[in-house]
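Written below as structure tokens is the structure these notes are about.
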Amino acid sequence: MYIVVLQGADATQRLKTWARDNRQQVAVDGNRMRLYEQNSLVTFQMTWRGDWSAVAIWDVWNRRHIHL
């Protein structure tokens, strides 16, 4: 599982829009989005068009940040 944290005033809406547009099964809670599989993470990395400096990704299983 991965947790994507997005900074910004419209973070929740942008994450929900991304999940809907990319047909991913994720859970969005405020400015955090839980990705349940690596395929969703790869899709996020390939399709995210926002500012990468506002994104932090936490790998829950390996307990580390993923730096892009």
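The values are calculated or read from the model by the stated rules, or taken from the named source; none is laboratory data. In this text the structure is predicted, and so the values were computed from the model without any measurement. Glycine gets a Cβ as well: all are built from the backbone with ideal geometry, and neighbour counts include every protein chain shown.
Taking the stretch 23-47, which residues are in a loop (DSSP other than H, G, I, E, B) and more than 11 Å from the chain's Cα centre (by Cα)?
Of all residues in the stretch 23-47, those in a loop (DSSP other than H, G, I, E, B) come to 23-25, 30-31, 36-37.
The answer is Arg23, Gln25, Gly30, Glu37.
Out of everything in the stretch 1-22 that is among the β-branched types (Val, Ile, Thr) and more than 10 Å from the chain's Cα centre (by Cα), what residue ends up being nearest to Phe44 (Cα to Cα)?
Step one: of the stretch 1-22, the residues among the β-branched types (Val, Ile, Thr) are 3-5, 12, 17.
Within this subset, residues satisfying the condition of being more than 10 Å from the chain's Cα centre (by Cα) are 12, 17.
On the way: Thr12: 15, Thr17: 12 Å.
Selected residue: Thr17.
Do we have Arg20 as basic (Lys, Arg), part of a loop (DSSP other than H, G, I, E, B) and exposed (fewer than 14 other Cβ atoms within 10 Å of the Cβ) here? Give the derivation first.
On the way: basic (Lys, Arg): yes; part of a loop (DSSP other than H, G, I, E, B): no; exposed (fewer than 14 other Cβ atoms within 10 Å of the Cβ): yes.
Answer is no for this residue.
What pairs can you find where one residue is in the stretch 48-61 and in a strand (DSSP E or B) and surrounded by 13 or more Cβ atoms within 10 Å (Cβ to Cβ), the other is of a type outside the set (Phe, Trp, Tyr) and modelled with pLDDT under 95, and their Cβ atoms are less than 7 Å apart, with a gap of 6+ or different chains?
Note: pairs meeting the criteria are Ile57/Ile66; Asp59/Ile66.
Take the residues in the stretch 23-47 that are under 20 Å from His67 (Cβ atoms) and among the hydrophobic types (A, V, I, L, M, F, W, C), then tell me which one is surrounded by the most Cβ atoms within 10 Å (Cβ to Cβ).
Met33
Residues that are surrounded by 11 or more Cβ atoms within 10 Å (Cβ to Cβ), of a type in the set (Ser, Thr, Tyr), modelled with pLDDT of 95 or more and in contact with an Asp or Glu (Cβ under 8 Å, 6 or more places away or on another chain): does the stretch 2-11 have at least one?
For the stretch 2-11, residues surrounded by 11 or more Cβ atoms within 10 Å (Cβ to Cβ), of a type in the set (Ser, Thr, Tyr), modelled with pLDDT of 95 or more and in contact with an Asp or Glu (Cβ under 8 Å, 6 or more places away or on another chain): present.
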